[in-house]
Amino acid sequence: MSDTESETRDAGFDEWLDAAEEGAAYYLACPNDHGSLPPRRVCPDCGVTDLEEASLPETGEIRTFTVTHVPTPAFEEDAPYATAVADFGPVRITGQVVGIDTEDVESGLEVEIEVTVSETTGERVLGFSPV
Amino acid sequence: MSDVRVAGVGLTPFGNAPERTSRDLFAEASIAAFEDSGVPRDDVDALLYGNFMGELSEHQGHQGPLMAEAAGVQAPATRYESACASSGAAVRDAVMRIRNGEDDVILVGGAERMTNLGTAGATEALAIAADDLWEVRAGMTFPGAYALMAQAYFDEYGGEHEDLAHIAVKNHENALNNEKAQYQSAIEVSDVLEAPQVSSPLGLYDSCPISDGAAAVVLTSEDYAEEHGLEAPVSISGTGQGGDRMALHDREYLARSPAARAAGDEAYADAGVDAADVDFAEVHDCFTIAEVLAIESLDLFPVGEGISAARDGRTTADGETPINLSGGLKAKGHPVGATGASQIAEVTKLLSGNHPNSEFVADATTGVAHNAGGTVASATVHVLEVTE
Ligand SMILES: [Zn+2]
């Protein structure tokens, strides 16, 4: 990867990770009470364009999970690892579950956002840690 | 509006052929389809071609014209990309173009070259069917996404890995006689349960293989078929497509496939049939849980009951509604861009008595093909019927 590529950020997404690292994760709220994740200019549920950032609830609850043993090359050194979909009120988010043995991950587990780092690439990874 | 006839079908063997280019694979499938149809290449009005990962697997974009050349067709050609539903989407557009009188003869199909990427490379290539920012960068893989759905299904409706194992066993059994199938070997429930984990609760035998292969279908208008005296007893009588949010976490349901339900409802209404009329189906079983979600979405089984259908013998070859008599993606193989068209080919052969498993559906008049993209953010469904 060239320097230029490594410095390129994805507008909306990398800002979200920055905010999450500072404990200020947010979602996009539409006036009709729909929640969604950035980058986004239009509410996917109703099409309105006046979206505002709103604070993500501090904690979420794991809805479903898996432990991946056969990863993509970007996570070769990380496997096995748990990935989960967690409910954070108005939005659901996919993240890697950290700070707990993979065999102890279960549906219903209460978690908070913790931006972690891939052991394989050093890139930031959206993570969940048990509260 | 013209009825759409399946004039001929062609498939390469599905399997492990890392040295074969997709143009070579598609050439072979198209030659077989033209021979089967008796339609001259000169009569083809368009090629609609499905492919998903050509840029990654062989550094080849713009595959439409390349494949027209490979097939010996002098006609405008367009590539369709809709992840694993690429050639299902191509078939749907072909049907609509023939129906509205735009075209009389269309070559539709698809191909995929995958095994040259190796397991890690193919896993990476398949993952790009998911949301790169919010799913892939969190480490989600394609099997991982279906595993999330499987776990959600177990939590919501019950069932366990052993139920899923019966689906894999059934589909391997169905492939035993299919000379085009990647695996023509029987497996036991214990093989599935003891196989290495890929993404829990799914293991190696819950997953379709990485495959190379191609499929081609010659579709014609009813008028063309009659004028040219074609032997084409099977029609595509219904087409439907459904869509859903890209990321699994943005869906209303984690353990259902509304896009497939929408596609199925539309295709049934289009054909003037309902689920009770369906004699058998080829569904998109990229993972064992996917077959469960598919047969529930198609209303062949109530929500929550699809999980036990194979175990109870209701979807086996001699069951009330045989599912994946070809062996399905699980045993026949899943060269992604070819899969949707290959399902049309299998249903046609089953309905016309030209399939090794036709004996199980000897009186059948109505078959369904269900093709899904990604975690079913895309789905196409086609109803095929024996024309009176
Ligand atoms: Zn809204």
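The values are calculated or read from the model by the stated rules, or taken from the named source; none is laboratory data. This one's a predicted model, so the numbers in the text were calculated from it and none came from an experiment. Positions of Cβ are generated from backbone atoms using ideal geometry, with glycine treated the same way; all protein chains shown enter the neighbour counts. Please note that ligands, DNA and RNA were not included when accessible areas were found on the heavy atoms of the full protein model with its side chains. Shrake-Rupley method; radii C 1.70, N 1.55, O 1.52, S 1.80 Å.
Here B:Ser190 fulfils each of the conditions (1) away from every other protein chain (no Cβ under 14 Å); (2) assigned to a helix (DSSP H, G or I); (3) touching a residue at least 40 places away in the same chain (Cβ under 8 Å) apart from (3).
For A:Cys30, the conditions (1) open to solvent by less than 30 Å² (accessible area, probe 1.4 Å); (2) within 12 Å of another protein chain (Cβ to nearest Cβ); (3) within 16 Å of the ligand (Cβ to nearest atom) are fulfilled apart from (2).
Residue count for the stretch B:330-385 under the criterion of being in contact (Cβ under 8 Å) with a residue 24 or more places away in the chain and either among the aromatic types (Phe, Trp, Tyr) or not in a helix (DSSP H, G or I) (or both): the result is 30.
Those strands (runs of 3 or more DSSP E) of the stretch A:79-119 in which at least 1 residues are at the interface with another protein chain (Cβ under 9 Å from one of its Cβ atoms) and in contact with an Asp or Glu (Cβ under 8 Å, 6 or more places away or on another chain), considering only elements entirely within it, cover A:81-88, A:91-97. Exactly one residue out of A:Gly47, A:Gly122, A:Gly108, A:Gly60 is more than 16 Å from A:Phe13 (Cβ to Cβ) and within 16 Å of the ligand (Cβ to nearest atom): that is A:Gly47. Just one of the listed residues (B:Arg137, B:Arg79, B:Arg113) is open to solvent by 30 Å² or more (accessible area, probe 1.4 Å) and closer than 16 Å to B:Val217 by Cα, namely B:Arg79. Of all the criteria given as (1) open to solvent by 10 Å² or more (accessible area, probe 1.4 Å); (2) within 25 Å of B:Asp206 (Cα to Cα); (3) within 14 Å of chain A (Cβ to nearest Cβ), the one not satisfied by B:Tyr153 is (1).
Filter the stretch B:82-110 down to the residues that are open to solvent by 20 Å² or more (accessible area, probe 1.4 Å) and either out of contact with any helix residue (DSSP H, G or I) (no Cβ under 8 Å at 6 or more places or on another chain) or modelled with pLDDT under 95 (or both) and list them by number.
Within the stretch B:82-110, B:Arg92, B:Asp93, B:Met96, B:Arg97, B:Arg99, B:Asn100, B:Gly101, B:Glu102 qualify.
Taken over the stretch A:41-70, the residue count meeting the criterion of being assigned to a loop (DSSP other than H, G, I, E, B), open to solvent by less than 80 Å² (accessible area, probe 1.4 Å) and more than 9 Å from chain B (Cβ to nearest Cβ) is 9.
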